[in-house]
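First the structure, in the form of structure tokens, and then the observations on it.
The values are calculated or read from the model by the stated rules, or taken from the named source; none is laboratory data. This is a predicted model, so every value here is computed, not measured. Here the Cβ is made from the backbone with ideal geometry for all residues, glycine too, and neighbour counts use every protein chain on show. The area values use the complete protein model at the heavy-atom level, side chains included, leaving out ligands, DNA and RNA. Shrake-Rupley method; radii C 1.70, N 1.55, O 1.52, S 1.80 Å.
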Amino acid sequence: MSTSVAINEDKLNAFLGKVVGDFGAALSADLVYIGQRLGLYQAMARLGPLTPVELARKTDTQERYIREWLLNQAAGGYCEYDPKSGKYSLSPEQALALTDETSPAFVGGGFFVIKAMGSAVPRILKAFKEGGGLLWGDNDADLFIGTERFFRPGYAAHLTAAWIPALTGVEAKLKAGGKVADVGCGHGASTIIMAKAYPNARFFGFDTHAPSIEHARKAAKEAGVGDRITFSVASAQDFPGENYDLIAFFDCLHDMGDPVGAMKRAASALAKEGSALVVEPMAADAVEGNFNPIGRTFSAASTLCCTANSLAQNGPALGAVASEPALRETALKGGFKTFRRATETPFNRIFEARK
């Protein structure tokens, strides 16, 4: 660096402090993943304050690793430490977010996603130089587990309580016995949630990833709705069936190789007064509107996964922070006449497209 450039020492130190914080956050994400995999948080939530020796004994793990893990967790604010007793514990809020998969505050699945996306870095690094991308199905298996665990709590909290009611006449149709296609259904969490809420309706889930479809079939059977859901391997551009009252795209349209083609197929497969539900990550239309923790997270995931999947198929790479105008243009090119934001949450935009 040229010595003629003036350096503000306060700004430099503040930036270096931020970098050190990011070092800790990046490394700690792997430790949270380990805690999820080994049931360490669940044990702490169930048993109360524990020393490292006690937690290791209760979870059949090695105390020396547990000791270091707990120090890291307390330093990062993921658990509490009592210096008098030498015991660690979870606050009610920490326990809710780290262990309760029925809560919309549950974050455990996100660390499976982070671990899987980190595994993709060598291939994404190559794509930066040579082009191309990485297909969804070629990712580490933790991506599929984590995606379901990360998105399911939000779907459970909002899908049938707010999102479907915000659409034009859809809820009444499903209560009476409508027909629904869940395109890009993954492990089927969204499909199963809808099937439980609308017992008179029929549901069809489609995904190109065969192992996810197999998982979805088993999950539907276990949930007691397997007789009303048909899961099939099919793409968004050629999934079977006609006259659907609702065709849903949950957090998947932006990473497709041919999103316009997906919209064309949806438009042709909808019933006359049907609706397409497009759920997308929260993002601003202006670039600078995404300079916040949510934009930082979604743009990182987009680089490592969403954009890469589309580019692997020579697609337009809308990405996880696709603007509303870009999504609207995609829907209109696909044959829809109207596209509106029906509702939103802090993490999602919920759109309705109609013919």
Set the Förster distance to 30 Å, then compute FRET efficiency between Asn8 and Val107 from the Cβ-Cβ distance, nearest 0.05. 0.25
Can you send over the solvent-accessible area of Ser302, 1.4 Å probe, protein chains only, in Å² to the nearest 10? 10
Gap in Å between the Cα centre of the range 294-355 and the Cα centre of the range 105-183? 13
FRET efficiency, 1/(1 + (r/R0)^6) with R0 25 Å, evaluated for Ala26 and Lys126 via beta carbons: 0.75
Could you sort Met194, Met282 by their accessible area in this structure, using a 1.4 Å probe and putting the largest first? Met282, Met194
Set of aspartates and glutamates with alpha-carbon distance to Lys115 below 18 Å, sequence-local pairs under 8 removed: Asp22, Asp30, Asp138, Asp140, Asp142, Glu148
Rounded to the nearest 10 Å², the accessible area of Thr297 at probe 1.4 Å: 90
Pulled fully out, how much extra length does the chain show between Lys175 and Ala162, if you take 0.36 nm times their separation in residues and subtract their Cα-Cα distance? 3.2 nm
For the range 164-258, the accessible surface attributable to carbon and sulfur atoms (probe 1.4 angstrom, ligands and nucleic acids excluded) amounts in percent to 50
For the pairs Lys129/Lys218; Lys173/Lys333; Lys175/Lys337, flag any whose C-alpha to C-alpha distance is greater than 31 Å. Lys129/Lys218
Just how large is the dipole of the range 185-234 about the Cα centre, in debye to the nearest 20, putting +1 at every Lys and Arg Cβ and -1 at every Asp and Glu Cβ? 140
Give me the percent relative contact order of the range 111-248, please, defined on Cα pairs under 8 angstrom at least 6 residues apart. 22
With a probe of 1.4 Å, find how much accessible area the range 107-196 has per residue, and write the answer as a whole number in Å². 40
Hey, what's the range 1-105 come to in accessible area per residue, 1.4 Å probe, Å²? 65
Among [x] 22.9; [y] 21.3; [z] 20.0, the entry that matches mean projected area of the Cα convex hull in nm² as calculated here: [y]
Quick one: compute the contact order of the chain, relative version, from alpha carbon pairs under 8 angstrom and 6+ residues apart, as a percent. 12
Measuring with a 1.4 Å probe in the full set of protein chains, what accessible area per residue, in whole Å², belongs to the range 258-355? 43
Rounded to the nearest 20 debye, what is the charge dipole size of the chain about its Cα centre when +1 sits on each Lys and Arg Cβ and -1 on each Asp and Glu Cβ? 660
Going from most exposed to least, what order do Ser119, Ser4 have by accessible area with a 1.4 Å probe? Ser4, Ser119
Computing the accessible area with a 1.4 Å probe over protein heavy atoms, can you report the carbon and sulfur percentage for the range 21-79? 58
Arrange the peptides 21-29, 144-152 so that the one whose residues have, on average, the most other Cβ atoms within 10 Å appears first. 144-152, 21-29
Long-range amide H partners of Ala271, meaning residues 5 or more apart or on another chain whose placed amide H is closer than 5 Å, are Asn243, Tyr244, Asp245
Cut-off 10 angstrom, C-alpha nodes, Gaussian network model of the chain. Which of Asp258, Asp100, Asp285 fluctuates the most? Asp285
Sorted by accessible surface (1.4 Å probe, heavy atoms of the protein chains only), largest first, Lys221, Lys179 come out as Lys221, Lys179
Please give the solvent-accessible surface of Lys18 in Å², to the nearest 10, using a probe radius of 1.4 Å with every protein chain present. 110
